[in-house]
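Enquirer: Below is a structure I'd like to ask you about.
The values are calculated or read from the model by the stated rules, or taken from the named source; none is laboratory data. None of the values given here were measured: they were computed from a predicted structure. When we count neighbours, we look across all protein chains shown, and the Cβ atoms used for this are built from the backbone with ideal geometry, even at glycine.
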Amino acid sequence: MQPSDDINLDKNDLNRFFIHHLDKIYAAKTLLVSELPQLIDNAHFSDLRDAMHRTIDDVRGQILNMEKIYQIMQATASTASSLGLKGMLDDSFKDIKNHGSNMELRDMSILFYLHNIESIEMASFQILEMVGVKLKNDRIKQLLRENYEHAKSDRTLFLLISAKYIASV
């Protein structure tokens, strides 16, 4: 097959791509909102606990936004095809629990993984927003932008807490 600069993607393929990848981030967000409360009790640093509470609230809002997008697109959310992000989250939480007796390392692991998770979510929302432009629905674009901004805000918060935490060690 010859390389080409022509891109011919029909709207149905684009819709399937969009929903498939929205499903992946939706599954990761639902897992995050169910797992984070368990980690809050394990966090030693009060700023980290507060940030995790805020993140849970943000994630719940992001999930609601994604559910609105599913309604707009007349689609149903599926978590079946999300083993990659779920696997990363599961690995993250297992690694954090491995530092059970060392509060400082446990907090650093929590910060490390939450920062990484938010970075992946930001990238996912950015790509979906670009696809959303092609879907020509301003409401979808707005909902994805809101989710991106929340993920960006949470990532920045975790980065600032990491800097404060490391400076105090």
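Enquirer: Modelled with pLDDT of 85 or more, under 27 Å from ASP13 (Cα atoms) and more than 12 Å from the chain's Cα centre (by Cα), is that true of LEU143? Give the derivation first.
Expert: Details: modelled with pLDDT of 85 or more: yes; under 27 Å from ASP13 (Cα atoms): yes; more than 12 Å from the chain's Cα centre (by Cα): yes.
Against the criterion (modelled with pLDDT of 85 or more, under 27 Å from ASP13 (Cα atoms) and more than 12 Å from the chain's Cα centre (by Cα)), LEU143 qualifies.
Enquirer: Can I ask one more? Which count do you get for residues in region 119-169 that are crowded, with 16+ Cβ neighbours inside 10 Å and closer than 14 Å to LEU48 by Cα?
Expert: Residues that pass the stated criteria total 7.
Enquirer: Report, by residue number, each residue of region 1-42 that is in a loop (DSSP other than H, G, I, E, B) and at pLDDT 85 or above. Give the derivation first.
Expert: In the first step, residues of region 1-42 are kept if they are in a loop (DSSP other than H, G, I, E, B); the result is 1-10, 41-42.
Once the filter is applied, which keeps residues that are in a loop (DSSP other than H, G, I, E, B) and at pLDDT 85 or above, region 1-42 yields nothing.
Enquirer: Regarding region 81-88, can at least one residue be identified that is modelled with pLDDT under 85, more than 24 Å from ASP47 (Cβ to Cβ) and of a type in the set (S, T, N, Q)?
Expert: yes
Enquirer: Condition first: touching a residue at least 40 places away in the same chain (Cβ under 8 Å), within 24 Å of LEU111 (Cβ to Cβ) and surrounded by fewer than 16 Cβ atoms within 10 Å (Cβ to Cβ). Now tell me which residues in region 15-37 satisfy that.
Expert: Listed by number, the list holds a single entry, GLU35.
Enquirer: Within region 94-113, does at least one residue satisfy the condition of being at pLDDT 90 or above and over 18 Å from MET52 (Cα atoms)?
Expert: Just the residues of region 94-113 that are at pLDDT 90 or above, to begin with: none.
No, region 94-113 contains no residue that is at pLDDT 90 or above and over 18 Å from MET52 (Cα atoms).
Enquirer: How about region 48-62: which of its residues are touching a residue at least 12 places away in the same chain (Cβ under 8 Å) and either hydrophobic (A, V, I, L, M, F, W, C) or crowded, with 16+ Cβ neighbours inside 10 Å (or both)? Even if it seems obvious, please write down each step before you answer.
Expert: Quick first cut of region 48-62, residues touching a residue at least 12 places away in the same chain (Cβ under 8 Å) only: 48, 51-56, 58-62.
LEU48, ALA51, MET52, THR55, ILE56, ASP58, VAL59, GLN62, listed by residue number.
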